[in-house]
Amino acid sequence: MHILIMTDIEGVAGVVKPLVDTTGGNVNYPRNCRLLTEEVNAAVRGFMQAGASAVTVWDGHGCGAIDFETLQPPARLIHGGPTPPLVWLFSRLAGRFNAIAHVGQHAMAGERSGNLNHTQSSAEIISYTLNGREIGEIAQFALLAGSFGLPYIFLSGDQAACREAEELQPGIVTAAVKEGLGRASALTLTCIEARALIEQQAGLALRQHLQHPLPPVRWPGPYILRKSFFHTEVTDMYLGDANVRVLDNHTVELRGESIPEIIYK
């Protein structure tokens with residue numbers, strides 16, 4: 001049983017403030033990378049104790065957020081950038097894995113109780129809607145993995161992210177390490193408590209999945225993805241693209257027969 005962990009930094013205990021806590025070059029960033037990495041180590045311990053044969057960690061935060069020197073074996077790390085398109089890269093690697101998980105994940109843009117909520121870019125994107133249902137980064141990755149037959153078994157992050165995952169994948173096990181009090185503040189567990197909870201819940205997630213396997217997250221197609229932006233120049237980037245319909249100054253629409261065709265375009 002080989003688990004793939006996709007990481008982000010905004011759902012980590014102790015990481016609460018936009019930019020200063022989440023962007024390279026700021027004083028808190030090196031510390032927060034270590035906080036994330038220790039939460040990842042906790043998840044790896046939990047999965048291995050529950051019977052995983054291997055765990056691969058994918059550093060999913062844009063500028064990179066895994067502290068390589070702190071990451072503990074037997075984890076293996078996918079990192080660097082720029083990388084090839086995620087869908088292409090995932091199509092090459094998906095056959096190595098049996099299930100996926102998130103550590104340090106945040107809620108979608110516009111979730112009022114979601115600490116550091118956003119979808120892809122907090123500077124550009126208002127919302128994504130897939131087949132009439134609003135989605136964020138949680139659904140993007142779970143649906144992509146699901147299209148390759150991989151189930152989604154665990155998430156750690158704030159309470160809003162946990163709810164989002166539970167609505168998307170009934171039966172998933174989550175670990176809420178903080179409660180959002182707004183986009184820029186939270187009530188947070190200590191790092192020691194957060195890591196203990198993640199280790200416990202990751203182990204529970206795999207044990208439950210081995211006993212009662214979760215299905216991959218799959219929605220029926222065809223697919224219509226609408227992307228709404230704050231600024232018109234982002235919409236302008238799609239002008240002339242025959243595969244994209246520009247609906248108005250702030251919204252574009254993509255259509256496809258499969259999730260990999262559109263989910264990260």
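Just so you know, all these numbers are worked out from the coordinates, no wet-lab data involved. Note that the coordinates shown come from a computational prediction; the quantities given were computed from them, not determined experimentally. Cβ sites come from the backbone with ideal geometry, for glycine too, and all protein chains shown count toward neighbours.
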For the subset of segment 191-204 comprising residues that are of a type in the set (G, A, S) and surrounded by fewer than 23 Cβ atoms within 10 Å (Cβ to Cβ), which member is farthest from N115 (Cα to Cα)? G203
Please determine, by comparing only the residues of segment 80-109 that are within 27 Å of I126 (Cα to Cα) and either surrounded by fewer than 16 Cβ atoms within 10 Å (Cβ to Cβ) or polar (S, T, N, Q) (or both), which one is nearest to the chain's Cα centre (by Cα). Q105
Going by the conditions given, is T56 of a type in the set (S, T, Y), under 25 Å from A142 (Cβ atoms) and buried (at least 24 other Cβ atoms within 10 Å of the Cβ)? no
Looking only at segment 239-254, which residues are over 23 Å from the mean Cα position of the chain (by Cα) and surrounded by fewer than 18 Cβ atoms within 10 Å (Cβ to Cβ)? L239, G240, D241, A242, N243, R245, V246, L247, D248, N249, H250, T251
Is it the case that segment 225-240 has a residue that's under 17 Å from L144 (Cβ atoms) and part of a strand (DSSP E or B)? yes
Taking into account only those residues within segment 207-233 that are farther than 24 Å from A165 by Cα and more than 23 Å from the chain's Cα centre (by Cα), which is surrounded by the most Cβ atoms within 10 Å (Cβ to Cβ)? H231
Among the residues of segment 176-190, write down those that are buried (at least 20 other Cβ atoms within 10 Å of the Cβ) and either out of contact with any helix residue (DSSP H, G or I) (no Cβ under 8 Å at 6 or more places or on another chain) or among the aromatic types (F, W, Y) (or both). R183, A186
